[in-house]
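The values are calculated or read from the model by the stated rules, or taken from the named source; none is laboratory data. Remember, it's a predicted structure, so these values are computed and weren't measured experimentally. Cβ: placed from backbone, ideal geometry, glycine included. Neighbour counts: every protein chain shown.
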Amino acid sequence: MPVISEADSGGDVENVVLRFLSSSGGASTSELVKVVMKTACCSVAEAENIIHSMASRGLIKFSGGKWSVGRR
């Protein structure tokens with residue numbers, strides 16, 4: 001899993017998630033939660049809320065057991 005530092009994040013969790021998914025070709029829920037938690041310094045529940053919020057807006061999608069970048 002690529003390491004994304006907080007300095008690289010620019011403080012924008014959604015952009016970090018999108019870059020991570022683009023560069024990795026997809027990720028499991030647990031991998032994605034770890035990336036969000038590290039970037040946003042938040043709890044598992046908060047990370048899951050961020051992921052679900054992004055999914056509800058079509059930014060990311062879950063298919064075949066993996067999260068990937070959605071289509072707008």
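Within the range 19-49, the set of residues being within 14 Å of PHE62 (Cα to Cα), surrounded by 17 or more Cβ atoms within 10 Å (Cβ to Cβ) and in contact (Cβ under 8 Å) with a residue 24 or more places away in the chain comprises LEU21, GLY26, ALA27, LEU32.
The rows are residues; the columns are (1) in a helix (DSSP H, G or I); (2) in contact with a helix residue (DSSP H, G or I) (Cβ under 9 Å, 6 or more places away or on another chain); (3) modelled with pLDDT of 95 or more.
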site: PRO2; (1), (2), (3): no, yes, no
site: ASP8; (1), (2), (3): yes, yes, no
site: SER23; (1), (2), (3): yes, no, yes
site: LEU32; (1), (2), (3): yes, yes, yes
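Residue by residue through the range 16-56, note down the ones that are in contact with a Phe, Trp or Tyr (Cβ under 7 Å, 6 or more places away or on another chain) and under 16 Å from ARG71 (Cα atoms). Of everything in the range 16-56, those that are in contact with a Phe, Trp or Tyr (Cβ under 7 Å, 6 or more places away or on another chain) and under 16 Å from ARG71 (Cα atoms) turn out to be LEU21, GLY26, ALA55.
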